[in-house]
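Structure, as structure tokens:
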Amino acid sequence: MNIHFYLRYSTKPGESFSIELSNGEIIPMRYLNDSYWYAKYTPGKTEALHYTYLFYPASGPVKLEGDPDRMLNFAQIGQRDIAVYDFFNAMGLVQNSFETQPFQLGKAEEKSSKAKKKADKGNFIFRVKAPLLSANEQLCLLGSGEALRNWNTQSPVLLEKRGAWYETTLDLSQEPNLLAYKYGVWDNQKKQFLGYEEGENRATPPCLAGDGLVVVHDNYARFPLKQWKGAGVAIPVFSLRTENSWGVGEFTDIPMLADWASSVGLKLIQLLPINDTSATHTWQDSYPYAAISAFALHPVYLNVAQVAGTKHAAVLKLFLKKQKALNALDVVDYEEVMRLKWDILRELYELMKGDWAKDPAYLEYYQQNKHWLAPYAAFCYLRDANGTSDFKTWKKYSTYAPADIEKLSAPKSQYADQIGLHLFVQWHLHLQLQAATQYCHAKGLAVKGDIPIGIYRYSCDAWVAPELYNMHRQTGAPPDDFAENGQNWGFPTYNWAKMKADGFAWWRQRFEVMSHYFDAFRIDHILGFFRIWSIPLDAVEGITGQFAPAIPVTERELQAAGIGFNYDRLCRPYITEQVLYESFGDMAANVAEYFLDIRSDGRFAFKKEYDDQHKIEAWFNAQEPQEGYPQIRDGLYALLSNVILLDAITPAAANEEWRGAFRFNMEKTSSFRHLPDEVKAPLKALYVNYFYRRQDDFWQIEALEKLPALKRATRMLICGEDLGMVPHCVPDVMSELGILSLEIQRMPKAAGATFFHPKNAPYLSVVTPSTHDMSIIRGWWEENRELTQRFYNEIMERPGQAPYYCEPWVNRALLEQHLHAPSMWAIFQLQDLLGMDGDLRRENPNDERINVPANPKHYWRYRMHLTLEALQKANGFNADLKGMVAGSGR
């Protein structure tokens, strides 16, 4: 049996193709003519052949297909010569989005039942996709020749749905070659033809001799692209409130949210990260982006009453008074909620430990998730036994060794119960979240998760595979309007070379586990796949970070620009008496005496015990609080970062020329202001080149080395959070890969723009008026009166004076703008939806903000001020919102 692959593609010089089989084998293709690339392959004895095409551009990384797994089923089509005619399915095709999980809700039964049918005998198989047909519509085929019904629209060839493809097998052996044909749509209810696809007629390829088979993959039928649009609600699980809550939202509250969302016409629920963040057992673990496991679910979301069931309900009686008190709070008391739940869960574990671990369903779950679950449970025990998640300080097991951990976790180990408790909790979390998402699906709702860009430094992931991360660096974001000194998230940066070496196995495992619960996900800070803001480990703020990877600025460039290179002047903190007075005023002498040494040239240098931000932070933390101390501390931080240039992350060797990076916002430093005027202009020119010109192509290649492989690893719909300092290449890469962008009205991406209008959103995007990292609509309206007035006149196109407060009608108008945007999704924080109802919304909009990015120690504790039961009964609001959603066509 020989397989002849014909790929329709008109290439340019330097471009080529190959075929990748599921076993990793690569089959080179050769140029056949201006229309086709060709390869011949003789498979061994196998039931099926899975394959995909790889496109090699003249330069840059290989390009992958949007449809990663085509299949020839030999058990169905027989062992015979086969000619396969394919189209290359580019990742960025809009239609590929409709093959993702949100658009498969309700289709599983149809696919499984029809996939069992055998194909008819024949020598031609036609396969094509049409993902957005309605329930009563079926794809059909018409063409010249008797087998194709001679274009008779009264009796077309009806195609069957098999997996993602519509398919039919015909015998064209008695027909002349090169039949003309087209696909169309048939109405199964009315039994009538609805119309042809667009474009010119297609033509059948030649038949193979003898009993040979021709398989035609026509990719997508050419119907007018339906601009499907949906709306959704965004809220953290911890913010949900019901009458029976335990002081925090839980997975079991999601079905009630789904009931409400479905009733008002929404199609998606978006959540913040839900992974376990229990590193310190303090309120600081409320930060959902610092997970101790990229896989484990957070115990805070477990409904203990459901775990107890009726059999062990008596356990809860002693805790009901505490439950009532916690549920009455306006905000989440993270520490008390966690303390309460763990007290209950330990009791339930002791009562139930003889039963649950023998459940066949649990045993299957454990085997499927053992790669992360076993080390996670051991990690949690060791964290508590050692009083810290910083595994480097553990006396035993500080270095992960699978054999040692397996022995530690063995059923007969003295620590089996301490470790088993965490297995027990994860099992029940899995059951509750799985049930919640299945309920959402039954209501026609997709569930969207959130993947943080980093991992916690003292996490199970870092313990198990530290080689996957650059533990000597930390990541964050450069300065912006929300954080003038940048952000330091504390996460180690990724070692992408190591991750790529094993085919991004950790990421693929992460996506696989996530896909058990979610249909779509938001990539937090997708810019990190292009380049990450890499900060020295001794820094507290993000200001001294630099983009990595990046093309460095070199000593030779500085010399050529007429700037010269004086390492001491450009790379060390510039501190003079004048700079000290500018920073500290009358306190300058005292600050200098305690923290600084005077140099022989009259400048100052930090004493060794205070020469990095962490040392300074530690000193101030050890002191009794005094007035002015925070200002002195921050002033010392600023002095440390008062430089023009930063050494490269990997410094040049002694015999190499210096290379490095510009300090962000160089012009704002006193070091820059005190430079000679003739040096400032060329420095500024080189600075602009470094940040805004030289890196773009380089960062594009970096992203294309990672994102296509990750996108191909999942059927979830991927949405990127592409905010901040966005390189020019980012929109092109996201468009090429079919990744949805995030568009926010107050964060325009166009240079020089003050606002973004939702009507200008691209189709493959999510529009939203606010996110968890910013104030809600009403809060923003009151922050800057001048800006609000401009928005009122320019974007809302209303004359006169803007209302001082965001009145309900104003809030509603902004929601309407987003609902009518051309984007695929419009997603709103629940607080913003409630903002259009003067009776339902909270009085103070600032109480509804979830996070303040400028504060790295922010307490994430926002809760709904009304219960989900009350929300369901808000008939006037719900009817109004339902009408708005329906009227927008979403």
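The values are calculated or read from the model by the stated rules, or taken from the named source; none is laboratory data. None of the values given here were measured: they were computed from a predicted structure. Here Cβ is always computed from backbone atoms with ideal geometry, including for glycine, and neighbour counts include all displayed protein chains. Quick note on the areas: whole protein, heavy atoms, side chains included, nothing else; ligands and nucleic acids left out. Shrake-Rupley method; radii C 1.70, N 1.55, O 1.52, S 1.80 Å.
Computed values, structure above
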read-out: Ellipticity estimate at 222 nm from DSSP helix runs (n ≥ 4, -39,500 (n - 2.57)) divided over the chain, nearest 500; value: -9000 deg cm²/dmol
read-out: Options Thr669, Trp658, Ala761, ranked by Cα towards positive dipole end of segment 645-795, top entry (Cβ charges); value: Ala761
read-out: Net charge of neighbours whose Cβ lies under 14 Å from the Cβ of Gly92, counting Lys and Arg as +1 and Asp and Glu as -1; value: -2
read-out: For segment 181-274, convex hull volume per residue from C-alpha positions, Å³; value: 235 Å³
read-out: Solvent-accessible area of Met471 with every protein chain in place, 1.4 Å probe, in Å² to the nearest 10; value: 50 Å²
read-out: In segment 45-105, the GluC sites (Glu not before Pro) that fall in loop regions by DSSP, at most 16 other Cβ within 10 Å; value: Glu47
read-out: Whole-angstrom gap from segment 1-17 to segment 532-598, using each part's C-alpha centre; value: 55 Å
read-out: Leu351/Leu105 FRET efficiency (R0 30 Å; Cβ-Cβ; nearest 0.05); value: 0.20
read-out: Length released on extending from Glu807 to Ala681, taking residue separation times 0.36 nm less the Cα-Cα span; value: 40.5 nm
read-out: Estimated vicinal HN-Hα couplings, Hz - segment 587-594 in sequence order (Karplus 6.51, -1.76, 1.60; Gly, Pro = x); value: 8, 4, 5, 5, 4, 4, 5, 7
read-out: Carbon/sulfur fraction of accessible area - segment 782-890, other protein chains in place, 1.4 Å, %; value: 48 percent
read-out: Degrees, to the nearest 10: 875-887 long Cα axis against longest axis of the chain; value: 60 degrees
read-out: Calculated FRET value between Tyr859 and Gln227, using beta carbons and R₀ = 45 Å, to 0.05; value: 0.60
read-out: Calculated FRET value between Phe620 and Tyr567, using beta carbons and R₀ = 25 Å, to 0.05; value: 0.25
read-out: Evaluated at q = 0.23 Å⁻¹: base-10 log I(q)/I(0), Debye formula over Cα of segment 729-776; value: -0.90
read-out: Per-q log10 I(q)/I(0), the chain, q = 0.05, 0.06 Å⁻¹ (Debye; single scatterer per alpha-carbon; no solvent); value: -0.34, -0.49
read-out: Per DSSP, loop GluC sites (Glu not before Pro) in segment 524-624 with at most 14 further Cβ within 10 Å; value: none
read-out: Helix axis angle, 360-386 relative to the chain longest principal axis, alpha carbon, degrees; value: 10 degrees
read-out: For the chain, with +1 on Lys and Arg beta carbons and -1 on Asp and Glu, the positive-most of Ile254, Gly163, Gly78 along the dipole; value: Gly78
read-out: Gain on full stretching of the segment that runs from Glu47 to Arg798 - 0.36 nm per residue minus C-alpha separation; value: 263.7 nm
read-out: Thr282 accessible area, 1.4 Å probe, all protein chains in place, Å² to nearest 10; value: 40 Å²
read-out: Cβ-placed point charges (K, R +1; D, E -1), dipole of segment 274-382 about Cα centre in debye, nearest 20; value: 320 debye
read-out: Exposure ranking of Val688, Val425 by accessible area [1.4 Å probe, largest first]; value: Val688, Val425
read-out: The chain - charge dipole about Cα centre, Lys and Arg +1 at Cβ, Asp and Glu -1, debye rounded to 20; value: 2160 debye
read-out: 26 Å Cα-Cα threshold exceeded, pairs from Lys311/Lys341; Lys63/Lys500; Lys396/Lys500; Lys161/Lys182; value: Lys396/Lys500
read-out: Over segment 647-756, equivalent-ellipsoid semi-axes from the Cα gyration tensor in Å; value: 33, 22, 11
read-out: Relative contact order (%) - the chain, alpha-carbon pairs under 8 angstrom, separation at least six; value: 12 percent
read-out: Degrees between helix 416-442 axis and first principal axis of the chain (Cα, 0 to 90, nearest 10); value: 50 degrees
read-out: Separation of the Asp171 and Asp259 label points, Cα + 7 Å toward Cβ, nm; value: 5.8 nm
read-out: Accessible surface of segment 1-155 [probe 1.4 Å, protein heavy atoms]: carbon and sulfur percent; value: 49 percent
read-out: Note, ³J(HN,Hα) from phi for segment 686-692, Karplus 6.51, -1.76, 1.60, rounded to Hz, x at Gly and Pro; value: 5, 4, 4, 4, 5, 7, 10
read-out: Cut-off under 5 Å, modelled amide H: who pairs with Phe828 long-range; value: Gly232, Val233, Ala234
read-out: Dipole magnitude (debye, nearest 20) for segment 337-432, charges at Cβ of Lys, Arg, Asp, Glu; value: 300 debye
read-out: Pairs beyond 27 Å (Cα-Cα), from Lys267/Lys358; Lys226/Lys267; Lys392/Lys711; value: Lys267/Lys358; Lys392/Lys711
read-out: Residues of the chain: accessible area per residue with a 1.4 Å probe, Å²; value: 43 Å²
read-out: Cα→Cβ-extended label distance, 7 Å offset, between Asp502 and Glu627, nm; value: 5.8 nm
read-out: Furthest towards positive pole of dipole, Gln368, Thr399, Ser409, structure part segment 343-413, Cβ charges; value: Thr399
read-out: DSSP-assigned coil residues among chymotrypsin sites (Phe, Trp or Tyr not before Pro) in segment 634-709, each with at most 13 further Cβ atoms within 10 Å; value: none
read-out: For Val425, net neighbour charge (Lys/Arg +1, Asp/Glu -1) across residues whose Cβ lies under 11 Å away; value: +1
